[in-house]
1. Based on the alpha-carbon gyration tensor of the stretch 178-298 and its eigenvalue square roots a ≥ b ≥ c, which shape applies: rounded if a/c is under 1.5, prolate if not and a/b is larger than b/c, or oblate?
2. Going by alpha carbons, how many degrees (0 to 90, nearest 10) lie between the helix axis of 13-24 and the longest principal axis of the chain?
3. Based on the alpha-carbon gyration tensor of the stretch 1-65 and its eigenvalue square roots a ≥ b ≥ c, which shape applies: rounded if a/c is under 1.5, prolate if not and a/b is larger than b/c, or oblate?
4. Tell me the angle of helix 149-162 to the major Cα principal axis of the chain, expressed in degrees between 0 and 90 and rounded to the nearest ten.
5. Nearest 500 deg cm²/dmol is fine: what mean residue ellipticity at 222 nm does the chain get from its DSSP H runs of n ≥ 4 alone, each adding -39,500 (n - 2.57), divided by its residue count?
6. Under the rule of at least 5 residues apart or a separate chain, name every residue whose amide H is placed under 5 Å from the amide H of Val53.
7. Out of [x] 0.94; [y] 0.99; [z] 1.02, which label holds the value of Rg/Rh (Cα atoms, Kirkwood Rh) that was computed here?
8. Need one word for the stretch 28-138: rounded, prolate or oblate. Basis is the Cα gyration tensor (sqrt eigenvalues a ≥ b ≥ c); a/c below 1.5 gives rounded, then a/b vs b/c decides.
Amino acid sequence: MWNEAVAMIGVGTMGRGMALTLAAHGVRVQAWNRSVGALDELRDAASKFSGAVALAATPAEATRGAAVVITCVSNDEALEEVGAGPGGVMEALDAAQVWIDCGTTGLELTARLGALAGERGAHFLDAPITGSMLGARGGTLTFMVGGAATTLSSVRPLLDMLGRHVVHAGPRVGDGQRIKYCLNMTQSVVLQGVLEGYALARALGLEVDTLHEVFEHSAGKTGVGSFKTGYLQRRDFTPHFKLGLMHKDLRLALESAQAASARLPLSERVLEVYQRAVAAGLADEDFLATVKLLEDQLSFPLTGGDSPPPKERG
């Protein structure tokens, strides 16, 4: 059970689902978002639940009176603004509060915000999430948490409402970010491999469905491949996780690798794919949309198209 108010700052694709999950558990949510329309939609959607959603004019207003402050914004610039900017979390944060940042952002900013929170006597956890939009709506997210174990223990009942798995990545603020970089780098590389497998199958006159069946019953089965293939077959690129965000996370991963003198040649090549996809205007689609670059190179769609793949030369 959780009987105290929670500030939810950022109610976009993931934050909205998290806020509604809390409301469904009877939690009072104090919400802020840059887009007022998103807040109105959130309040209307939450009206059927036992919890209440109060709309705040600023992140600082949302923070006041909340036991826990959750930020869920898309990048460093946004987190800097809502955290340390005018009217931000830091203006209202006090020693009784825990700030949990669920975005995927840079290590330098994470460390600085954690230090600023500590100066006010508050506690800070970086806790990036995975599980997509469906996980946020269904309370089935995975949290990767960096920071003190005692602080994590104090908010564990709240996180257990929002997710099925809470992994303590390490005692340092930033350890959650570090492990999230590893995860998203791996997901991007694995999915690209699956899509290129489908591309080769089609180029050889085979169907995606056939290779997918083989994947599902072999060591070629992957979580990201299994989940995304259905969306590929339906030509549904509605973002569960935006391609532009995956590009940002892959870049953060490789910047960290460079700082650690770790050369990751395959991931470097996949980053080039994402750079081309962003340049092609695909940033706001699901990261599955890198398949469109492959289709452009093949000159036919992998699924849902009438154009047959080319025949092999005899």
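The numbers here are math on the coordinates, done by the rules we state, and not lab data. The model shown is predicted, which means the values in this text are computed figures rather than measured ones.
1. Prolate shape, in that a/c is at least 1.5 and a/b is the bigger ratio.
2. Taking Cα atoms only, the helix is inclined about 50 degrees.
3. Cα axes put the stretch 1-65 in the oblate bin.
4. 60
5. Taking each H run of at least 4 residues, the total per residue is -16000 deg cm²/dmol.
6. Close amide H contacts, sequence-distant or interchain: Val29.
7. Only one listed value fits the structure, namely [z].
8. Here the stretch 28-138 falls in the prolate category.
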